[in-house]
Amino acid sequence: MLKQADRERGAVLWFTGLSGSGKTTIAHQVEEQLLDAGVPVEILDGDVVRENLSKGLGFSEEDRNTNIRRIAFVAHLLQRNGVFVITAAISPYKAIRDEARDMIKDFVEIYADAPLEVCEGRDVKGLYAKARAGEIKGFTGIDDPYEAPENPEVTCKTDSESVEESAQKVIDKLIEMKFLTEA
Ligand code: ADP
């Protein structure tokens, strides 16, 4: 049986990766396991945040950074009150992810790693096709950079692992980092 190691201390599970790399899918699988363990969880999904907290922001570097700073700020507020917060936004720039890490500290960076061809082949939301057709400008991986993390706590190779395997890696890391214990 899993349980939260310290009720006063949550964690931020910061997913990063290309669109279609599997962030949201793994996030929901991890959420389910944490809820089963009685751990308070909130997901800050990139698409949902952009419809609400960051509505009106675009995809310039400045707007992307503002979006990420907002996510980091809210994640930190919840985390310091014992919540496990899962963020699932592309968060393509290393510097701003590192800024979030420095602020939050109880920070677990999870790289959803799949080659661009695989993500584009999945094209879950049809966005790559639009980006290739020039209907979306500044799309990460096509005409805007993605800076892969150098030392993420977890790397999920979503082109070769199952969703369950990827989620289990995250849970195992939370145990190793003593955010969770096995009773
Ligand atoms: P993102 O949130 O990164 O944009 P999604 O989670 O929405 O990506 O989409 C990822 C797609 O890849 C889903 O259709 C999912 O079923 C598929 N997939 C295949 N293998 C995996 C895996 N190991 N982990 C996560 N997703 C996977």
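The numbers here are math on the coordinates, done by the rules we state, and not lab data. Model, not experiment: these values are computed from the prediction. Cβ coordinates were reconstructed from backbone atoms using ideal geometry, including for glycine residues, and neighbour counts include every protein chain displayed.
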Of every Cα-Cα pair in the chain, the percentage lying beyond 21 Å is 47 percent
Of all DSSP beta bridges having both residues in the chain, the percent classed as antiparallel (nearest 5) is 15 percent
Mean 1/r over distinct Cα pairs of the range 62-149, inverted to a Kirkwood Rh in Å, yields 14.5 Å
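Counting helices only, and only those DSSP H runs with n ≥ 4, report the 222 nm mean residue ellipticity of the chain as the sum of -39,500 (n - 2.57) divided by its residues, in deg cm²/dmol to the nearest 500.
On the way: 7 runs with 77 residues, N = 183.
Using -39500 (n - 2.57) per qualifying helix, the result is -12500 deg cm²/dmol.
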Measuring from its Cα centre, the range 16-79 shows a charge dipole (+1 at each Lys and Arg Cβ, -1 at each Asp and Glu Cβ) which, in debye to the nearest 20, is 220 debye
Karplus-derived 3J(HN,Hα) from phi for the range 60-76 (6.51 cos²θ - 1.76 cosθ + 1.60, θ = phi - 60°), whole Hz, x at Gly and Pro, runs 5, 4, 5, 5, 4, 5, 4, 4, 5, 5, 5, 4, 5, 5, 5, 4, 5
Stretched fully, the stretch from Arg9 through Asp98 gains (0.36 nm per residue minus C-alpha distance, one decimal, in nm) 30.0 nm
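Report the Stokes-Einstein translational diffusion coefficient (µm² s⁻¹, integer) for the range 1-98, Rh taken as the Kirkwood radius over Cα pairs, at 4 °C with viscosity 1.567 mPa s.
93 µm²/s
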Contour minus Cα-Cα span, Val124 to Glu62, at 0.36 nm per residue, comes to 19.7 nm
Which of Glu109, Glu31, Glu164 fluctuates most in a GNM of the chain (C-alpha springs under 10 Å)? That residue is Glu164
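Placing unit charges on C-beta atoms (Lys and Arg positive, Asp and Glu negative, everything else neutral), compute the dipole magnitude of the chain about its Cα centre in debye, rounded to 20.
Using Cβ point charges on Lys, Arg, Asp and Glu, the chain gives about 480 debye.
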Most fluctuating of Leu13, Leu53, Leu78 in the GNM of the chain (C-alpha, under 10 Å) is Leu53
Simple spin-label estimate for Glu176/Glu51, 7 Å along Cα→Cβ, in nm, reads 3.5 nm
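Under 13 Å from the Cβ of Arg132, count the other residues' Cβ atoms, weight Lys and Arg +1, Asp and Glu -1, and hand me the total.
Charge balance in the 13 Å sphere: -3.
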Computed about the Cα centre, the charge dipole of the range 82-183 from +1 Lys/Arg and -1 Asp/Glu charges at the Cβ has a magnitude in debye, to the nearest 20, of 300 debye
